[in-house]
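Where a number appears in this text, it was derived from the coordinates with a stated rule and is not lab data. Since this is a predicted model, take the numbers as computed values, not measurements. Every residue, glycine among them, receives a Cβ derived from its backbone with ideal geometry; neighbour counts consider all protein chains shown.
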Amino acid sequence: MAGHGLVFVIVDRDHPELWAIRHDGFGDVTESHIAWKETRSMPARCTPLLVEGLLYVVNRAGIMTCLEAKTGELVWKQRLEGEYSATPVFAKDRIYLFNEDAACTVIRPGRKFDVIAVNSLAKQQLLASPAVDGNAFIVRTAEFLYRIETGVRRVADSQVGSKSFIGRWAIGQPKGGGKPNFVMTLNADFTARKSHVPGATGKWQLVDGEARVTWSDGWRDMIRRDDEQYRKLAFRPGTDFDSVPDNTESAEMLP
């Protein structure tokens with residue numbers, strides 16, 4: 001990050017410091033071209049953000065600091081909720097700060113700490129810095145890649161909407177009735193559970209009219225229409241949805 005004749009560099013991951021270095025030197029300029037340093041509450045992961053003469057940094061613990069870019073003088077310091085690895089993003093006269101639980105704090109840049117909004121995706125790990133594409137954010141979490149854009153409605157992957165899959169599914173239920181092998185639950189927030197492995201959690205998404213579930217134990221399940229009925233296809237750990245399924249069973253939505 002550079003501006004005002006200075007290069008702003010985070011030094012030392014274990015004990016991070018922010019150095020402002022004049023960029024007109026040659027060779028070892030450690031003693032001659034360091035304009036200022038800040039050592040308190042500096043980030044080991046996030047890159048500084050420069051907006052109109054002010055530097056904004058947020059450390060892993062969520063302490064956000066605003067500094068004068070030319071002098072390093074403190075303007076304000078505030079604590080945000082959560083932990084932070086993603087670099088702050090400036091767009092449309094706003095600063096967006098995504099924490100590691102996929103919650104985003106939106107602030108107005110300036111000499112006063114001014115929160116405009118706090119928005120959240122479904123709780124999941126977010127470490128990567130978002131990218132900006134025109135009027136959209138591209139956000140990558142541990143499980144999903146999102147495109148977030150004002151005024152744009154999500155296009156369904158097929159004529160079968162995600163609402164058709166939300167609910168409890170009896171997997172492997174005998175045709176004449178009786179107890180199913182297990183019950184799979186697909187929730188409206190795109191999380192999932194399976195009754196025969198209570199400790200496993202899942203995330204599901206709609207792809208080409210199929211509900212695809214990725215489980216924390218490594219298995220993957222797919223529920224898709226087969227003529228007038230639905231079937232569940234299971235893929236063992238280490239394989240993907242385009243692999244040969246390990247097994248397949250009937251799937252019926254419970255009332």
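Just a few scattered comments:
- Calculated from the alpha-carbon coordinates, the chain shows an Rg and a Dmax of 24.5, 85 Å respectively.
- Cβ-derived FRET efficiency at R0 45 Å, Asp246 paired with Trp76, nearest 0.05: 0.20
- Note that the stretch 2-149 shows a convex hull volume over its alpha carbon atoms of 121 Å³ per residue.
- Linear extension gain, Ala61 paired with Ser216, 0.36 nm per residue minus alpha-carbon span: 53.1 nm
- Sparse-neighbourhood loop sites, GluC sites (Glu not before Pro) in the stretch 170-255 - DSSP loop, at most 15 other Cβ within 10 angstrom: Glu228
- Value of D in µm² per second that Stokes-Einstein yields for the stretch 162-253, Kirkwood Rh from Cα pairs, at 20 °C (1.002 mPa s): 163 µm²/s
- Cα centre as origin, Lys/Arg/Asp/Glu Cβ charges: the chain dipole, Debye: 760 debye
- Added length on full extension, which subtracts the Cα-Cα distance from 0.36 nm per residue, His15 to Val207: 64.7 nm
- For the pair the stretch 172-238 / the stretch 59-89, the C-alpha centres are spaced 43 Å from each other.
- Efficiency of FRET from Cβ geometry, Glu143 and Arg236, R₀ 22 Å, rounded to 0.05: 0.70
- Mean Cβ count within 10 Å, highest first, over the residues of peptides 43-49, 68-74, 237-243, 5-11: 43-49, 5-11, 68-74, 237-243
- Think of the stretch 2-149 as having a plus end and a minus end, set by charges on the Cβ of Lys, Arg, Asp and Glu; of Phe26, Asn119, Cys66, Asn119 sits farthest toward the positive end of this dipole.
- Lysine-lysine proximity count for the stretch 2-149, Cα under 29 Å, sequence distance 8 or more or distinct chains: 10
- Dipole magnitude of the stretch 162-253, debye to nearest 20 (Cβ charges: Lys/Arg +1, Asp/Glu -1, about Cα centre): 340 debye
- Average Cα contact separation per residue, the stretch 106-255, under 8 Å, 6 or more apart, as relative contact order %: 14 percent
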